[in-house]
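Below is one structure, written out as structure tokens; comments come after it.
All of the numbers you see were taken from the coordinates with simple rules; none came from a lab. None of these values were measured; they are calculated from a predicted model.
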Amino acid sequence: MKSRLVLFAAVSAFIAICCNIAHSPPSFVDAITGAAPKSWKKAGAVQSAPALYALYKNEGVSFSPGSAWQLAIVKDDEFLASSANILSDDLKLNGVTLEIEAYSEILLVSRAVAGKYELILIDAERTVMPELPGAERSTLRNGSREECP
């Protein structure tokens with residue numbers, strides 16, 4: 001009976017430790033992956049407007065009148081959402097419809113690397129985007145459009 005009680009206590013302690021580690025990973029792992037809530041932006045954090053945006057256009061996307069495309073942005077970024085809405089309104093005047101979809105930064109980069117996007121608008125200073133084969137990148141700075149080398 002005593003050995004069962006000791007075994008029960010040991011198993012319970014092991015489960016509690018595993019649950020604690022899974023719920024709150026070490027800061028080193030959290031810093032590398034960015035997948036845990038500890039690394040996400042605080043809700044009350046002050047955010048400044050980006051000075052530089054990058055617009056990625058996948059192969060096959062053309063802004064011909066009557067076309068409709070999906071624009072992917074990082075969620076919870078009010079300046080990026082506002083810029084995406086302005087871009088959508090400007091293109092709507094030319095007959096192009098944009099559907100704006102917001103993703104977490106990790107998911108957005110993953111979709112981009114996998115080629116599962118049509119258009120992506122990111123803050124070029126904060127979001128690190130790897131080289132995307134076949135993508136056309138344009139830089140938007142202070143409301144003007146410049147081609148990136």
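Some values worked out for this structure:
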quantity: Using θ = phi - 60° and Karplus 6.51 cos²θ - 1.76 cosθ + 1.60, couplings along the range 108-121 (whole Hz; Gly, Pro as x); calculated: 4, 5, 4, 5, 5, 4, 7, x, 9, 7, 10, 9, 10, 10
quantity: Debye intensity ratio I(q)/I(0), log10, the range 52-147, q values 0.12, 0.15, 0.19, 0.20 Å⁻¹ (C-alpha model); calculated: -0.33, -0.53, -0.89, -1.00
